[in-house]
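The values are calculated or read from the model by the stated rules, or taken from the named source; none is laboratory data. All of these numbers come straight from a predicted model, not from anything done at the bench. Note: ideal-geometry Cβ built from the backbone for every residue, glycine included; neighbour counts use all protein chains shown. Only protein heavy atoms, including side chains, enter the accessible area calculation; ligands, DNA and RNA are left aside. Shrake-Rupley method; radii C 1.70, N 1.55, O 1.52, S 1.80 Å.
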Amino acid sequence: MTEAPTATRAASLVEKTVLGVIAGVAGAIAVVDLVGVSIRSAVLVTSPAITIPSMRLRSVDAPAVLAASSNISEAQYDTVTLTTVGLSLSPRLLLAIADGLAVLGPIVLCIAVAWLCVRLFIGRPFGTAATWGIGVAAITVMAGGLLSQAVRANAFSEIAYELDLASAGAPTFEMSIDLAPLGWAFALAVVAGAFEIGQRLQRDTEGLV
């Protein structure tokens, strides 16, 4: 007579432990991302010398790579990493804003995951707060991901003008759009819709009890 309740309690304990771990990890990732982007932004704005990774280049030959093997018929650099001193404030701020927008979506998503784990932990997974939380996370992931690319492109443009990099193969303005944030946003919107349906079913079930 006691085996079934014991098994139920054990399963519940395992589930709650897993939910607690997931919520803790999601919260920790959000905190680490927030601290990391704050430090990077402070360095970008205040440090005399800053490093700018992944600046685009246009068809710049890589002779050392080409000469490394007879099997290589063509070699070109696509990006370059710069370390510069005395850059003006405007591109620094744009780079900091781009970094902040890039991690905004993941931070909000981690917070939403942690909140959903808490609601599952207390046995109330469906609710208005959960649905709206996922919806806000979807919008934030899309807007942050796309806007960060636009802001970073403007920052690189200002840097190219300021450092006169056009002659070295850097475009005065170029923006490559990664649509991955849009795909993530659509996926989260579907999850939000599923939670909205679950919320309605939960209300209907409670009304029948």
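So what is the 222 nm mean residue ellipticity for the chain from helices alone, if each DSSP H run of at least 4 adds -39500 (n - 2.57) and you divide by all residues, rounding to the nearest 500 deg cm²/dmol? Mind dumping the intermediate values first?
On the way: 5 runs with 146 residues, N = 209.
About -25000 deg cm²/dmol.
Can you work out ³J(HN,Hα) from phi for every residue in the range 42-48, in order, using Karplus 6.51 cos²θ - 1.76 cosθ + 1.60 and θ = phi - 60°, giving whole Hz and x for Gly and Pro?
4, 5, 4, 7, 10, 6, x
If you line up the Cα atoms of the chain on their principal axes, what length do they span on each, largest first, in Å?
Answer, in whole Å and largest first: 80, 43, 29 Å.
Stretch SER73-PHE121 to full length: gain in nm at 0.36 nm per residue minus the Cα-Cα span?
Fully extending the segment from SER73 to PHE121 adds 11.4 nm.
Apply the a/c threshold of 1.5 to the C-alpha gyration tensor of the range 18-90 and tell me whether it is rounded, prolate or oblate.
Oblate, because a/c is 1.5 or more while a/b does not exceed b/c.
Rank-order 143-154, 23-34 by packing density, defined as the average count of other C-beta atoms within 10 Å over each peptide's residues, highest first. Before the final figure, lay out each step's value.
Working: 143-154: 18.9, 23-34: 15.5.
The packing order, highest mean first, is 143-154, 23-34.
What is the percent carbon and sulfur in the accessible area of the chain, measuring with a 1.4 Å probe over the protein chains and ignoring ligands?
Carbon and sulfur together cover 69 percent of it.
For the range 84-96, what does the Karplus curve 6.51 cos²θ - 1.76 cosθ + 1.60, with θ = phi - 60°, yield as ³J(HN,Hα) per residue in whole Hz, taken in order and with x for Gly and Pro?
Coupling constants for the range 84-96: 10, 10, x, 5, 5, 6, 4, x, 4, 5, 4, 5, 5 Hz.
Keeping every protein chain present and rolling a 1.4 Å probe, give me the accessible area per residue for the chain in Å².
So the chain comes to 60 Å² accessible per residue, rounded to a whole number.
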